[in-house]
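Here is the structure we will look at.
The values are calculated or read from the model by the stated rules, or taken from the named source; none is laboratory data. What you are looking at is a predicted structure, and each value in this text was computed from that prediction instead of being measured. Heads up, the Cβs are rebuilt from the backbone with ideal geometry, glycines too, and the neighbour counts pull from every protein chain shown. Surface areas here come from the heavy atoms of the whole protein model, side chains and all, with no ligands, DNA or RNA. Shrake-Rupley method; radii C 1.70, N 1.55, O 1.52, S 1.80 Å.
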Amino acid sequence: IGGFTKHINALYARAGAKVDVDVLRKHVTAHASKGGASVADVSSDVLDQLAQSQTVDIVPLMPASSSNGWVGVNMYVDDKGIPKNLPVNRRATEISSECGIPTEVRGDAYISRLCDDQEDKFERQDLTLREMSADAPWVRDARRYNEERAARGPPQIPDSWRGQGQRAPAAPPADALECLSAATDHRAKGTAAFKAGDYATAVTHYKQAADELARVLDQPAHRQAVDEQRLPVHLNLASACLSLEQPYDAIKACDVALEIDPKAVKAWFRRGQACVKIRQFPAARRNLHRAAELEPQNREIRQALERCMLEYESQAE
C-alpha cells in the first residue's frame, strides 16, 4: 500500500527544490492559528528539521465509502509545495476545484483511483487520461459528495452525551506539523539530558516525543516522516532506560523500533543488552547474534555477544 506513496516521495526528494525556511515558518504559523494554536516559539532547529523532511500529502478528492462501493480517488502532492516556492499546477488545481475541494496545488501532482474498504480489500484501479476532465463522471460524483458533506458540517455532540460517560465522536485529527515540531523539541531535550547524565529526564522527554508522534500515526500522508522520528526516539529511549537499569522498558522500546525497521542494528543490540540484565541469556544471544549479523565489523557487539555466551555457559554449569 505504501509503495506508491514512497515512490512519489522519492520523486519529490530527487527534484531538489529547496525549502524557504522563512516561508515555512509563516505557513506553519498560519496553519496552526486556524486551530487556535500558536507556534511562535518554534526554534530554528525544529524548522530546519521540518524543512529537511520530505513527505507526500494525500488529498482525498473522492473519499472511498460504502455509498460509492469503497472506490475513491486521491491526489498526491508535495507537502512543502508553498515553502519550496513551486509553481502553481493549474490543471491539478482546476480538477481539485471541480471536485468541490478548492485548493491551490503547487508542483507535480499524481492522481490515483483505488478500492479500499478499510478492512481487508485494497487495490489500485485504472484511471485514464480521458477521465482527467471536468465533466468526467467521477469528478461529478466527487463534487456532489463533497458538497453534501460540507452542507452537513462537522458532527455535533448531543447534549445527552456530555458528561454521561457515553462515547462521543472521535476528536479531529491532530495537526501533523505541530506534533512533529513538538516531538522534535522533546527529542532534542531528551538528548541534551542524556548527554548530561540526567537519564530520568531524558526518558521523560523521549516518552513525550513518542506520544506526540503516536497522535499522527493514523495519517498516511505523514507516516514516513513520523517513522523517521519514531525510530531514533525509541532507540534513544531504550538506551536511557538501560542506563536507569530499566531493562523491561528498554525491551518495549526496542520492540517498537524493530516494528519500524527490522534491520535496526541498535535495536537488536540494546534488546540483547536488556535481556542480559534480566539474565535471559538465550534471548540475549539471539538478539546479539542478529545484531552481529547485520553489522559484523562492530567490535562492541561482538564483545557483548562473547560476554553473553560466557555468562550463559557459567550459568549452565
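Miscellaneous remarks
- Cα gyration tensor shape of the stretch 252-300, rounded if a/c is under 1.5, else prolate or oblate by comparing a/b with b/c: oblate
- Between Ala151 and Asp261, the contour length at 0.36 nm per residue exceeds the alpha carbon distance by 35.3 nm.
- Note that the stretch 214-317 carries a Kirkwood radius of 14.1 Å, evaluated over its alpha carbons pair by pair.
- Arg90-Asp218 pseudo-label distance in nm [points 7 Å out on the Cα-to-Cβ vector]: 4.1 nm
- If you take all other residues with their beta carbon under 12 Å from the beta carbon of Gln208, and give Lys and Arg +1 and Asp and Glu -1, the sum is +1.
- Sulfur and carbon atoms: percent of accessible area, the stretch 59-111 [1.4 Å]: 50 percent
- 1.4 Å probe accessible area per residue over the stretch 216-257, in Å²: 40 Å²
- Loop-located GluC sites (Glu not before Pro) in the stretch 189-272 (DSSP state not H, G, I, E or B) with no more than 15 neighbouring Cβ atoms inside 10 Å: Glu245.
- Within the stretch 100-116, backbone nitrogen closer than 15 Å to the virtual label 7 Å beyond the Cα of Ala15 toward Cβ: 104-111
- Atom-type composition of the exposed protein surface of the stretch 247-317 places 47 percent of the accessible area on carbon and sulfur (1.4 angstrom probe).
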